[in-house]
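> Below is one structure. I have some questions about it.
No lab work stands behind these numbers, since they all come straight from the coordinates. Quantities reported herein were computed from a predicted structural model and do not represent experimental measurements. Quick reminder, even Gly has a Cβ in these numbers, built from the backbone with ideal geometry, and neighbours come from all protein chains shown.
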Amino acid sequence: MYVAVKGGEKAIDNAHEWLDEARRGDPSVAELTIPQIREQLALAVNRVMAEGSLYDPDLAALAIKQARGDLIEAIFLIRAYRTTLPRFGYSLPVDTGAMECDRRISATFKDVPGGQVLGPTFDYTHRLLDFALEAEGLERPEAAPEAGAEDHPQMPRVTEFLNKEGLIQQEIAPAPAEDQPDDLTRQPLELPAARPLRLQSLTRGDEGFVLSMAYSTQRGYAKNHPFVGELRIGTVAVEAEIPELGFAIEIGEVVLTECETVNQFLGSKSEPPQFTRGYGLVFGQTERKAISMALVDRALRWKEFGEDDKGAPAQDEEFVLYHCDNIQATGFLEHIKLPHYVDFQSELELVRKIRREADEAGHQEAAE
Amino acid sequence: MAEARELTEAEKARRGWMSLLAKAPPARLAELWEARGAAPGFGWLRAPEVGGMMVRGRAGGTGAAFNLGEMTVTRCALKLSDGRVGHAMVQGRDRRKAEIAALVDAGMQGVEAESLRAELLAVLEAEMAAAKAARAGKAAGTKVDFFTMVRGED
């Protein structure tokens with residue numbers, strides 16, 4: 001345990017002043033603005049919104065600036081801020097089938113209706129540093145060519161094609177009265193967790209942790225042979241009931257990344273062999289995270305599908321859900337640097353005592 | 001949650017403009033509003049308040065609902081001096097945006113509806129549709145055309 005100590009106020013004040021100065025860096029270099037961060041470091045902003053669990057690009061950009069680019073610190077700031085917001089309610093579930101897609105690809109069907117749309121992707125770049133970006137005052141890049149689309153085309157779900165033939169496990173919404181998921185921000189996590197609670201936990205989980213868990217399943221720890229049935233990134237409208245009016249309106253729009261995996265088929269005595277699914281849905285353009293989430297979601301569903309517990313970390317709900325939150329993790333990890341003087345004094349006393357006793361025992365043996 | 005019911009024509013129309021205002025770019029909305037001249041007198045029923053709305057998704061896109069994360073919204077309600085009531089719930093933390101949205105909502109229920117539609121809602125709608133079309137066009141430009149390599153079968 002750590003203890004409250006007095007003193008050091010002046011040192012702390014000075015440390016914070018230096019922090020402010022260090023954040024600004026060399027004053028001869030122009031200061032970053034919030035719009036610059038929001039527009040030009042958009043993927044960092046997306047990660048902070050996803051793991052901070054609050055969709056507000058300007059706030060995420062501010063947090064990144066304040067945290068000097070330390071994204072976990074920025075996520076911490078957002079999580080702390082969101083606890084101060086009154087909760088107005090819950091939206092209706094978003095309809096990702098109606099997403100206006102910037103990107104939509106399928107690794108399972110080449111000629112998918114609506115087409116394979118690459119969007120602004122890093123895929124197929126050569127991952128060579130582009131020294132042209134090093135120069136200041138670059139010419140504005142030319143606007144990307146437009147193919148004269150009037151509107152976003154309909155993009156039917158890839159899993160629906162398999163569904164029509166009954167070849168994939170279905171996702172059916174429960175009756176409205178039962179369709180009330182637990183909320184991690186309202187009740188502490190309890191196990192076993194139903195799938196909706198697992199999905200909430202994973203979507204705000206640390207990208208690195210969820211990625212590693214997903215990767216472990218690919219390497220053989222509870223392997224489940226995933227294909228990316230569909231990956232889509234785009235804008236969806238968010239609808240919510242306005243109690244005073246008695247109907248729902250669209251209260252805004254969010255960019256989401258959705259990944260549906262198609263996984264190894266299985267059958268049972270009652271069910272013919274069919275594909276199963278994993279699901280990822282994350283705020284912002286965050287496809288590495290969404291794919292990872294889908295793989296881990298699928299691994300955690302082993303009981304539901306009557307699969308063997310292979311003892312793999314990604315199958316272990318307690319292990320995954322209690323360790324995926326980087327704010328809980330960093331809070332507990334970093335607290336050990338705070339003063340633990342009393343604890344340590346008692347440990348020190350104990351070691352000295354044991355050594356003293358061992359020494360005395362040694363002397364006695366020598367004397368005998 | 002209440003079962004979805006059939007909305008009246010008036011409710012559908014109101015749902016339409018409130019949704020448009022919620023998504024409108026705040027600076028442009030303010031510009032179009034201010035261009036109309038003096039704002040009507042009003043009193044607050046609920047002053048603008050920033051809060052969070054928990055956004056939900058569905059497992060597999062169509063299955064059980066789950067909580068995805070919150071978004072910031074601002075809501076308010078006001079009453080014009082002639083008694084008409086305006087409501088707003090808009091995305092983000094801009095209190096002025098919520099105020100204008102509620103003023104437009106109240107105004108749409110009276111004689112100024114036509115001019116509000118023409119000078120403000122229709123303009124926003126057209127601009128937002130144009131931005132969407134440009135984005136859709138860029139996406140369409142990255143659509144892959146597959147062609148099968150010639151296979152030597154003979």
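> Are there any trypsin sites (Lys or Arg not before Pro) in segment A:225-288 that are in a DSSP loop and have at most 15 other Cβ atoms within 10 Å? List them by number. If you can, show how the numbers build up before the last one.
Values: sites: A:R232, A:K269, A:R277, A:R288; in loops: A:K269.
Taking segment A:225-288 and a limit of 15 other Cβ atoms within 10 Å, the loop trypsin sites (Lys or Arg not before Pro) found are A:K269.
> Here's another thing I want to ask about it. Excluding the sites themselves, what is the longest stretch of chain B that contains no chymotrypsin sites (Phe, Trp or Tyr not before Pro) in a DSSP loop with at most 14 other C-beta atoms within 10 Å?
Formally, the longest exposed-site-free interval is B:1-145.
> Using only DSSP helix segments of four residues or longer, with each worth -39500 (n - 2.57), what per-residue ellipticity at 222 nm results for chain B after dividing by its residue count and rounding to 500?
On the way: 5 runs with 61 residues, N = 154.
The per-residue figure over chain B is -12500 deg cm²/dmol.
> Still on this structure: Any chance you could give the angle, 0 to 90 degrees and rounded to 10, that helix B:95-107 forms with the longest Cα principal axis of chain B?
With rounding to tens, the tilt is 70 degrees.
> Can you pull out the chymotrypsin sites (Phe, Trp or Tyr not before Pro) in segment A:19-111 whose DSSP state is coil and whose Cβ has at most 15 other Cβ atoms within 10 Å?
Qualifying residues, ordered by number: A:F109.
> Once the convex hull of the alpha carbons of segment A:149-301 is built, what does its volume come to per residue, in cubic angstrom?
Numbers: hull volume 26.1 nm³, N = 153.
So the per-residue Cα hull volume is 171 Å³.
> Provide the convex hull volume over Cα atoms per residue for the protein assembly as shown, in Å³.
Cα convex hull per residue, to the nearest whole number: 294 Å³.
> May I ask you to list the residues of segment A:288-327 whose amide nitrogen lies under 12 Å from a point 7 Å from Cα along the Cα→beta-carbon direction of A:L191?
A:313-324
> Could you give the angle, 0 to 90 degrees to the nearest 10, between helix B:122-141's Cα long axis and the longest principal axis of the Cα atoms of chain B?
10
> Determine the gain in length on full extension of the stretch A:Q40-A:E368; use 0.36 nm per residue of separation and subtract their C-alpha separation, reporting nm with one decimal.
Separation in residues times 0.36 nm, less the Cα-Cα distance, equals 110.2 nm.
> Further question on the same structure: Let's test the formula: R0 of 56 Å, r as the Cβ-Cβ distance of B:A118 and A:W18. What FRET efficiency results, to the nearest 0.05?
The computed FRET efficiency comes out at 0.45.
> Here is a further query. About its Cα centre, how strong a charge dipole does segment A:278-354 have in debye, to the nearest 20, once Lys and Arg get +1 and Asp and Glu get -1 at the Cβ?
Charge dipole of segment A:278-354: 240 debye, to the nearest 20.
> Also, quick follow-up: Please work out whether segment A:9-82 counts as rounded, prolate or oblate from its C-alpha gyration tensor, where a ≥ b ≥ c are the square roots of the eigenvalues and a/c under 1.5 means rounded, while otherwise a/b larger than b/c means prolate and anything else oblate? Write down the numbers at each step before the final one.
Working: a/c = 2.99, a/b = 1.38, b/c = 2.17.
Oblate is the answer for segment A:9-82, as a/c is 1.5 or above yet b/c matches or exceeds a/b.
> In segment A:104-202, which trypsin sites (Lys or Arg not before Pro) are in a loop and have at most 15 other Cβ atoms within 10 Å, using DSSP for the loop call?
Sparse-neighbourhood loop trypsin sites (Lys or Arg not before Pro): A:K110, A:R127, A:R186.
> Related question: Considering chain A as a Gaussian network with a 10 Å cut-off on Cα pairs, which listed residue, A:A358, A:A50, A:A237, attains the greatest mean-square fluctuation?
Highest fluctuation among the options: A:A358.
> Okay, next question. With a 10 Å cut-off between alpha carbons and a GNM built on chain A, which of A:E317, A:E100, A:E271 moves the most?
Of A:E317, A:E100, A:E271, the Gaussian network model singles out A:E271 as fluctuating most.
> Grab the Cα-Cα distance for A:D183 and A:R140, subtract it from 0.36 nm times how many residues apart they are, and report the gain in nm with one decimal.
On the way: separation 43, 0.36 × 43 = 15.48 nm, distance 4.44 nm.
Length gained, A:D183 through A:R140: 11.0 nm.
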